[in-house]
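One structure below.
None of the figures in this text is laboratory data; all of them are computed from the coordinates on show. Just so you know, these numbers come straight off a predicted model, no measurement behind them. All Cβ positions, even for glycine, are placed from backbone atoms using ideal geometry, and neighbour counts span all protein chains on display.
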Amino acid sequence: MSETFLDLPSGTLVVAIGPGGSGKSSFADAAAFDVVVCLDTLRGEIGGEPGDQSVTPAAVARQDALLEQYLSAGATVFLDSTNVEPHVRAGLVERARRYGRPVVALRFLLDLDTCLARNAQRPPNRRVPDDTLRWQHDLTREATVDNLLREGFTSVHHIVPTPTGATGRNDTISPERIADAVAVLRKAQEGDEDARRDLAEFFPEYEGLVMQTDHARYLELAASAGLVATHLLIIESGVWASSVETSTSDFGMPLASVDLGEYASRTEAIREAVRAATDNGWALAPENQWSDFDCGGGEIHIPIHTRPTR
């Protein structure tokens, strides 16, 4: 039985998606999956080198045979390979469906420079060409939460490096990168298209949310991404305005905020904000955990604790 922080159902096919050097194998080593199928290892077993792309077709054939074996047995399987191409993922989703298994995407999107640096530090037999790694990184950026859910994945999670170098869920930004992150976010909010594309490298867990203006879509994407640092905010300023906001642990400003509406009364604002959240799959904190600032109901924070796995 696999027990990981992702709380996966038994028998799940877990598909890593990410370029070389993004932490997929380190994650596999630290997690508790029933089985890990690693394409690099299979390249070595069939007589090639772990980084030798020329033996990939034969290694993939062996990988697919193992997946059939393990999925039919009901094991929870972590697939440790890049899986950056949509047609490759389509085959994996179809295979999981044939066995009635959930199929979960773990998206590893480290910044390109770090991936290149890690790749350069590998032994020669495990290195991939830099051009190949750049191609993998570009395709990973295109594999957004929205696209992956559309492809048929049950849920999508982002795995990012912790300050210690291990991998896991993390919504923090290293102190030396916060100034750059603020600059990129502000440019994106001003309409800079390049900055919008760069947001994913700073905030991989929040991709698709930062510039989202439709609250129903915002909450749907947030539920899929598994965010926890999120709350409903209701403020009285002539009218009662409600919004949903998402922040990272050590980012000094809301990362994303979407207006839910303006209402004539406090009661109506709370009722409609709660309805918007619960209708989109969120579980709110119990009412005794709501923060009512100003003691007169002038500003209300409603924490969003958990969300179902989609």
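The figures follow:
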item	result
Unit charges on C-beta of K, R, D, E only; dipole of region 88-132, Debye	440
FRET E, pair ARG271, GLU190, Förster distance 45 Å, beta-carbon r, rounded to 0.05	0.85
Proximal charge balance of ALA117 [Cβ under 14 Å; K/R count +1, D/E count -1]	+1
Only Lys, Arg (+1) and Asp, Glu (-1) charged, at Cβ; region 1-143 dipole about Cα centre in debye	160
